[in-house]
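The values are calculated or read from the model by the stated rules, or taken from the named source; none is laboratory data. These numbers were taken from a predicted model, which means no experiment stands behind them. Here the Cβ positions follow ideal geometry from the backbone for every residue, glycine too, while neighbour counts run over all protein chains shown. We work out accessible area using only protein heavy atoms, side chains counted, and drop any ligands, DNA or RNA first. Shrake-Rupley method; radii C 1.70, N 1.55, O 1.52, S 1.80 Å.
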Amino acid sequence: MSKFIIKRLLISVVIFFFVMFIIYALEYSLPSSYVDKMARQLQSKPGNTKSFEELKADLDAKYGMDKGIIGGYFAWLGHMVRLDFGDSWQWTDTVLNVFKSCIWYSFFLSLIAFIFELIIAIPLGVVAARKQYSFTDYFVTVVAMVCISMPTFFIAVLLKYLFAILPSQSSFPEWLRWIKLPLSGMGSARTSHMTSGWASFLDLAKHYVLPILTLTIISIGGLMRYTRTNMLEVLNADYIRTARAKGLPEKKVINRHAFRNTLIPLVTILGSSLPGLFGGALITETLFSFRGIGYRSYHSLTNGDIPFTMFYLAFSAILTLLGNMIADILYAVVDPRVRIS
Amino acid sequence: MDKMDNKQSVQRRSFNDVLKEKEARQALEKKNDDGHIALDDAKRIKVLSPGQLVFKRFIRNKLAIFGTVVIVIMFLFSFLAPVFYTYGETQTFYKYDTQYKAMAVATVRTDYENFEINPEIKVDSYYKNNVTSTVKKIDETGVDYELIISKDRKTQFVLTKLYDKLFSLAPNDGTLIGSAAANLEIAELLTKQRTFTYSGKQMDEGFEAAALEAFDAKQDEFSYDGVDYTLKRVTKLEYKIVSSGVSVVYEGTALGSDFEDAVLAALENEENSFNVGGVDYRIYKDKGVNYIYSVIPGDDAMISTTMEYSGVHKGDNDFMLELYHSLDAGTFTVNGETYTIEADKENGVFVSFSVKDASGEEVGLLSDFVINAPDGTDTVSLANKEVIQDKVLEIIKNKMDVPAEEEDPNAEEPAPVEDEEIDEEELNPEGGDEDSAANAKGVPIDLIFPKRVAGFNGVEPTLTQEYDENGEPVMGTMPGRVVTKISTTTLNGVTQEYKYYYISCDQWQWLMDTNGRPTGRHILGTDTDGYDVLARIMYGGRISLLVGFIVVFIETLLGVIMGGIAGYFGGWVDNLIMRLVDIFYCIPSMPILIILGAFMDDRGLKPIPRLIWMMAILGFLGWAGIARLVRGQILSLREQEFMVATEATGVKVSRRIFRHLIPNVMPQLIVSATAGLGGVILTESTLSFLGLGVKRPMATWGTIISAVTSSNENILNFTYIWIPVGLLICLTVIAFNFVGDGLRDAFDPKMKR
């Protein structure tokens, strides 16, 4: 087992090396508009005696843009191994400080959405499989498909409309006002006046609701379908027929024999998505101005903040690789039939 | 060979016979068919080809049929419907609508403005520049006219006060008569040298002799040539010779004693004007010398006034001249027509004369309360000017100024979505009616306009004037507002404050039809650029579907090539390609797309190259999954008997791949491509929504939604756009997913779940 893990780890490191190389080459080849912009700003400052080219060369040297792709990449790798990702240009702080300041917001956002996803999707998937071709089955299938097919931004706009914009209209019925939620951001303008920790916590929680709802909606469809598919497969298996044949109550058949076996692929796929909880939700956080890692990354990506972008992409790549590895390992752990070779 | 051919032909013939017999038997059976089917009847078993089987299984799936129907409708809607729907993707629409905007700027003018009414007389700018100060002098001294004298005193202009705040400037036909002095100093006598130093004109020898004679005789006075002189002692050696009485030094001919007596009288009384023989004279003292000018005003060259005339005959010099000169008289005649002038308002604030023609109808307005359109042109109707005059007079008298708010240039810029930090308090609970918000400021005023109606006439709206039964235009009122703006200007250290009254009201305008509500003309209204929304949804669907298909095609092509090579050749090639697949699997594609989208923004790429690049990048990032699928399929197929057979019979490699392997991978490919289409459409619309994919003015469903959800107000007002378009995206993706599921189940019933 440990041999298998080590082998997978080594392969992952190699893949990571090449993935980051491709990304670095891409970032390097793009004209670093931010450096240009900064050089232009410095040039227009009073007391400047250097030309634009000289300033740009200085900045390039400062940010390691002058070493060529290969040299620059290895320099970046060297820094990365020592967890030195440099200063973020966009957020005027070190990359790691920015990361530390926002990662937990993102993590809890993703975690809560993940828990909701489990609570909603798995039971519905099981029910749909148990009553295949029934109305429930069709209903669950269609709902799952709608959730999969909705663009994130549409859900976000729809939720904003329903829960933030409509309730602030004067024509909105008074008795329903309580559903009103903050539109975006992470704290009300009044946060500074909140003396009690409970009030500010409640305020923060309110800001969490819509992003969580969005993330839950876009993710439950896939898991529902996956659960249903695997449950169906298990229900058609011989041992279920045997269990029924020997007269076990249906409840026992489903809960003990069928569901436990459905858990094998489920645990695998859920385990593999655990690292992703740290990755934030790029689009959703941006749409709600939720100051998590996804929001920060989106603005870094669009504004040419190379240090933070490189960090975020490396982080994402590591999370993906980690997820794949966990899936492989869990599969072997959960299902003894899978031989490790 | 012959034998074989024979044998074959024999066989064929006999086979044909057998078939014919069989058909005949079947025909007979059919004839005799009484509804009974024998147990071993061939009709009982219907053999379907694999394709038919797939089709049959597919159409049994309700959801798949639903998906197919939706996709067909989408295609018809976005590819066929635009052919019949006449509006274009980026066709801008206009309409007549009332727009609340400034229609006039009014102010009480205090500056004098010069109107040249006789182009034949050139007025040097020196005189024009002196008009204002001379006007001041006239107003202070209360005289009728004043001369503006050139620096060399040779030419003069007469500025005559015609009326309060109305002056005419005419060239002086009179001349500089000369200089006059009472007790004028003529010369200095140096007694020792006995020489004369003249301060003015040189006198002849007789004068000098007479002077010396008087000096020698110790006389104080002497007379020469009829003029009396006095010797005045300054020092012992120096005497001054002063002419006693008045003496005039003429520039031209002498004018005689009557004139000189008048001059003397004026000088002694310290008056500066006198009249001799019907001619006015003016005395101007300059550096101790009294210069006398005769004043005979010529034709008016210029009118200088704070008032401005508007109405008929504006610019007609004869008319204007008569008008200006007849303000006192109250009536004048030009070209045989008689006009009357009525002083309307002399209220201490401004003066106003209305000019009426013989029928009593008002034809013009002369006033120092100047009302112009905001662009400075005189286009405000006389009727409205009267209304505005009355209202502003009321405002001034009651002191009910409403100061205009400073315009904020950034006020209309909608906040970008990502920077929104809006809390519930900031939301506009009313939804915001711009017109009423703008109208709320200012003093209300009812302006008079010809009544017009915007009618929808087929394709374009028309603005029609309403006429009554006599063919006269019907007038109506428009509610407006007056606000006050104060502007200060500093010129030569003198700061002046000008108070302007801005009059705004709803006006008919030929406007871009932006953000229009749904009408019969535009079923879904128009968007922020005046494009027809329904047309854009159609064209947007075109782009979204095209992007989906092209990207999936690129993905599949790359995937099949890479996966095929890896699966067929195996070994190190397989290993290499599969590691590449691993790498591509691991590249976070959304961030990469965002980076490249922002980069293309930076470069300012045109919509079409952008679209092509986006499709290429999407396709390039998505091939890994298909390559993995193809490789796995080929690996398992390679071991099967039919592939062994192709190898044994020596079929070429390319033929083996393309005729035997690929067709067997086709079902999986079709399934994954169909399912992938939905994903690509989602990615494209998300990127376009974020402004990083397809850009306006090119329409896609993503950009249509992003255009109407840029602010909360828009989200609220344009639900009829973004909800249907969002559902359209959703429906299309669902349809592709359903079809993909249906195809998978149909191709591989064993896998049906």
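You will find that of A:K67, A:K56, the residue that is of a type in the set (D, E, K, R), touching a helix residue (DSSP H, G or I) at 6+ places or on another chain (Cβ under 7 Å) and open to solvent by 60 Å² or more (accessible area, probe 1.4 Å) is A:K67 and no other.
Scanning the stretch B:136-158 turns up no residue that is open to solvent by 30 Å² or more (accessible area, probe 1.4 Å), out of contact with any Lys or Arg (no Cβ under 9 Å at 6 or more places or on another chain) and within 30 Å of B:T519 (Cβ to Cβ). The residues in the stretch B:586-624 that are β-branched (V, I, T), under 13 Å from B:E684 (Cα atoms) and facing chain A (nearest Cβ under 7 Å) can be counted, and the count is 1. What do you reckon, is A:S184 at the interface with chain B (Cβ under 10 Å from one of its Cβ atoms) and in contact with a Phe, Trp or Tyr (Cβ under 8 Å, 6 or more places away or on another chain)? Answer is yes for this residue. Restricting A:R291, A:R256 to those that are modelled with pLDDT under 90, open to solvent by 60 Å² or more (accessible area, probe 1.4 Å) and either of a type in the set (S, T, N, Q) or within 28 Å of A:P123 (Cβ to Cβ) (or both) reduces the list to A:R256. Scanning the stretch A:286-314 for residues that are more than 9 Å from chain B (Cβ to nearest Cβ) and part of a helix (DSSP H, G or I) returns A:I293, A:G294, A:R296, A:S300, A:I306, A:P307, A:F308, A:M310, A:F311, A:A314. Scanning the stretch B:688-708 for residues that are within 10 Å of another protein chain (Cβ to nearest Cβ) and of a type outside the set (S, T, Y) yields B:F689, B:L690, B:G691, B:L692, B:W701, B:G702, B:I705, B:V708. If the condition is being modelled with pLDDT of 75 or more and away from every other protein chain (no Cβ under 12 Å), then the stretch A:1-12 contributes A:S2, A:K3, A:F4, A:I5, A:I6, A:K7, A:L9, A:L10.
Checked against (1) exposed (fewer than 14 other Cβ atoms within 10 Å of the Cβ); (2) out of contact with any Pro (no Cβ under 6 Å at 6 or more places or on another chain); (3) within 14 Å of another protein chain (Cβ to nearest Cβ), A:S170 passes all but a single condition, namely (2).
Pairs linking a residue in the stretch A:140-154 that is within 7 Å of chain B (Cβ to nearest Cβ) to a residue that is in a helix (DSSP H, G or I) and of a type in the set (F, W, Y), with Cβ atoms under 7 Å and 6 or more positions apart or on different chains, are A:M145/B:F738; A:F153/B:F689. Quick check on B:G520: is it in contact (Cβ under 8 Å) with a residue 60 or more places away in the chain, surrounded by fewer than 19 Cβ atoms within 10 Å (Cβ to Cβ), of a type in the set (G, A, S) and not in a strand (DSSP E or B)? So B:G520 fits the description; yes. Of the numbered criteria (1) open to solvent by less than 40 Å² (accessible area, probe 1.4 Å); (2) within 14 Å of B:I704 (Cβ to Cβ), the one B:N515 fails is (1).
Taken over the stretch A:97-115, the criterion of being surrounded by fewer than 15 Cβ atoms within 10 Å (Cβ to Cβ), among the hydrophobic types (A, V, I, L, M, F, W, C) and closer than 23 Å to A:Y24 by Cα is satisfied by no residue. Inspection of the stretch B:198-221 identifies no residue that is open to solvent by less than 30 Å² (accessible area, probe 1.4 Å), over 30 Å from B:M302 (Cα atoms) and part of a strand (DSSP E or B). Screening B:F549 with (1) under 29 Å from B:R696 (Cβ atoms); (2) within 14 Å of chain A (Cβ to nearest Cβ) gives one miss only, at (2). Within the bounds of the stretch A:136-147, is there any residue that is more than 21 Å from the chain's Cα centre (by Cα), β-branched (V, I, T) and within 26 Å of B:N712 (Cα to Cα)? Among the residues of the stretch A:136-147, not one is more than 21 Å from the chain's Cα centre (by Cα), β-branched (V, I, T) and within 26 Å of B:N712 (Cα to Cα), which makes the answer no. Each residue in the stretch B:525-553 was checked for being part of a helix (DSSP H, G or I) and open to solvent by 50 Å² or more (accessible area, probe 1.4 Å), and 5 pass.
Assess whether B:T719 counts as being surrounded by 22 or more Cβ atoms within 10 Å (Cβ to Cβ) and modelled with pLDDT of 85 or more. Taking the combined requirement at face value, the residue does not satisfy it.
The test for being among the hydroxyl-bearing types (S, T, Y) and loosely packed, with under 13 Cβ neighbours inside 10 Å does not hold for B:T464.
The residues of the stretch B:567-588 include none that are within 17 Å of B:P663 (Cα to Cα) and modelled with pLDDT of 90 or more. State yes or no: is B:G174 open to solvent by less than 20 Å² (accessible area, probe 1.4 Å), small (G, A, S) and under 30 Å from B:D328 (Cβ atoms)? Criteria met by B:G174.
Within the stretch A:231-268, the set of residues being within 14 Å of chain B (Cβ to nearest Cβ), of a type outside the set (S, T, N, Q) and not in a helix (DSSP H, G or I) comprises A:A237 only.
Out of A:G221, A:G276, one residue alone is crowded, with 22+ Cβ neighbours inside 10 Å and either within 12 Å of chain B (Cβ to nearest Cβ) or closer than 23 Å to A:V157 by Cβ (or both). It is A:G221. From the list A:L319, A:L270, the lone residue that is under 30 Å from B:G691 (Cα atoms) and of a type outside the set (D, E) is A:L319. Count of the stretch B:583-619 residues, restricted to those that are under 35 Å from the mean Cα position of the chain (by Cα) and in a helix (DSSP H, G or I), is 18. Considering the conditions (1) buried (at least 17 other Cβ atoms within 10 Å of the Cβ); (2) on the phi > 0 side of the Ramachandran plot, B:Y309 is excluded by exactly one of them, (2).
If you check A:P46, A:P31 for being within 12 Å of another protein chain (Cβ to nearest Cβ), at pLDDT below 75 and not in a helix (DSSP H, G or I), only one passes: A:P31.
Which of the following residues is touching a residue at least 40 places away in the same chain (Cβ under 8 Å), within 12 Å of another protein chain (Cβ to nearest Cβ), open to solvent by 10 Å² or more (accessible area, probe 1.4 Å) and of a type in the set (S, T, Y): B:S711, B:S685, B:S672? Talk me through it step by step, then tell me what you get.
Numbers: B:S685 fails: open to solvent by 10 Å² or more (accessible area, probe 1.4 Å); B:S672 fails: within 12 Å of another protein chain (Cβ to nearest Cβ).
Going through B:S711, B:S685, B:S672 in turn, just one is touching a residue at least 40 places away in the same chain (Cβ under 8 Å), within 12 Å of another protein chain (Cβ to nearest Cβ), open to solvent by 10 Å² or more (accessible area, probe 1.4 Å) and of a type in the set (S, T, Y): B:S711.
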